[in-house]
Amino acid sequence: MSSAPGADAAPGSNPTITTTTRPTEPTDPTASAKRHMFSSLRNRNYRLFATGAVISNTGTWMSRIAQDWLVLSLTGSSTAVGVTTALQFLPMLLFGLYGGVIADRCSKRRLLLATQSAMGLLGLALAVLTLSGHVQVWHVYAIAFLLGVVTVVDNPTRQSFVVEMVGPKDVRNAVSLNSANFQTARLIGPAIAGVLINAVGSGWAFLINGLSFGAPLIGLLLMRKEELHEVELTPRGKGQLREGLRYVASRPELIWPIVLVGFIGTFGFNFPIWLSAFAHGVFHAGAGTYGLFNTAMAIGSVAGALLAARRAATRLRMLVGAAVVFGALEVVAAVSPSLYLFVALLVVIGTFGITINTTANSTVQLATDPAMRGRVMSLFMMVFVGGTPLGGPLVGWITDTYGPRVGFLSGGLVSAAAAALVGLAIRQTARRMKPTP
């Protein structure tokens, strides 16, 4: 699982725009100077959600590492790894907005019961194929695509379910803790996967992943429905997709975070391609080193997420600054001559990557009306992860053709340049909206 919002209307759920110096930055009247790092865990429903999520996320990370390594072993091609990643996110690019419409129309708890069950079954199917010795690369492609189809509905539903569990006051904290949860699993999953792949093969990692989805299903079933901050469901109607797009287009505090994460997600977050290629082609190591790379990023990500959990407010300049530094760090890592320096840089890249994620996510959620959250978050996720089908094969081709260092370097340069341009656009928008004396 991951993060999520979608709750009752309350102060801060549709923030205003400050029109003095930074008109594009939403303010949250519920925010205090600093919040308790784990305040969301006071909520029983959220505790159940978080417990189930850390278990299933650990299985998911095991499966991701095993999947990337399996494809690389079957084909010897970084492009094939990129194609697998692209197929998993292609449905989000094609159908992502429809998932948001479904999330706004239906009970999010019931939808999650269905989507998490489907993901578990797909994990078990890949385990059976691999353990039986019949797996072929097209099987991995097909299951990756089907997982993407389920994710179209699952992602905006989870994103818009967090507010229903914790209420608007603790949204920032819950989003940050969700990220810390996901990245903690990223610490554990790759390490276990590396041991399993070396000892008994990828199939057992896929099996554990399939079974791990039982944890969030149990958590969802045990939730107290009367304690949820439910919103009124959006009735069926025409033009709801266009309504969501017009809503975002009219609000700069939504447009710029979405544009920026679109560039970062498309070109800067292709780590399955780069890290497997660095382990295999630069440092001439095996699956254990690939797992180490992912673990290093996760250490930084957990630290960044916990720091974000204490932050009561977020600003667009923080998002832009983190994105510029993130891209610059990728450039430095691309030319790193030492394995140890590369691992150390991955820790810091993980910190700034998760800062981008949590800052953009909570900013967009708090700036959105509750009735629109499913559609807005589906657009957010569509451009964030849906850009991978465009960037993944391209980055994979660059990595195969010119080497892992050039591939990583190109992603960092695009990320930093995009952040700088978005920062300039935000400044220009602020100047236009600033009242004349």
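Of note:
- Region 378-388, subset part of a helix (DSSP H, G or I) and either over 13 Å from ILE264 (Cα atoms) or among the small types (Gly, Ala, Ser) (or both), residue modelled with the highest pLDDT: LEU379
- From the options ALA333, ALA367, residue that is in contact (Cβ under 8 Å) with a residue 60 or more places away in the chain, touching an Asp or Glu at 6+ places or on another chain (Cβ under 6 Å) and buried (at least 22 other Cβ atoms within 10 Å of the Cβ): ALA367
- Condition met for ARG35 (modelled with pLDDT of 80 or more and of a type in the set (D, E, K, R)): no
- Checking every residue in region 82-90 against the condition of being touching a Leu at 6+ places or on another chain (Cβ under 7 Å), among the small types (Gly, Ala, Ser) and on the phi < 0 side of the Ramachandran plot gives zero matches.
- Scoring SER73 on the criteria (1) buried (at least 24 other Cβ atoms within 10 Å of the Cβ); (2) more than 27 Å from PRO216 (Cα to Cα) leaves a single failure, condition (1).
- Checking each residue in region 378-411 for being of a type in the set (Gly, Ala, Ser) and either surrounded by fewer than 24 Cβ atoms within 10 Å (Cβ to Cβ) or within 30 Å of THR157 (Cα to Cα) (or both) picks out SER378, GLY386, GLY387, GLY391, GLY392, GLY403, SER410, GLY411.
- The number of residues in region 76-90 that are part of a helix (DSSP H, G or I), surrounded by fewer than 24 Cβ atoms within 10 Å (Cβ to Cβ) and of a type outside the set (A, V, I, L, M) comes to 1.
Residue-by-condition table, conditions (1) polar (S, T, N, Q); (2) modelled with pLDDT under 85; (3) in a helix (DSSP H, G or I):
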residue: ALA277; (1), (2), (3): no, no, yes
residue: GLY288; (1), (2), (3): no, yes, yes
residue: ALA303; (1), (2), (3): no, no, yes
residue: LEU307; (1), (2), (3): no, yes, yes
residue: LEU341; (1), (2), (3): no, no, yes
residue: THR358; (1), (2), (3): yes, yes, yes
residue: THR363; (1), (2), (3): yes, yes, yes
residue: THR368; (1), (2), (3): yes, yes, no
residue: VAL376; (1), (2), (3): no, yes, yes
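The values are calculated or read from the model by the stated rules, or taken from the named source; none is laboratory data. Quick caveat, the model's predicted, so the values are computed rather than measured. Counting neighbours? That spans all protein chains shown, and the Cβs are built from the backbone with ideal geometry, glycine included.
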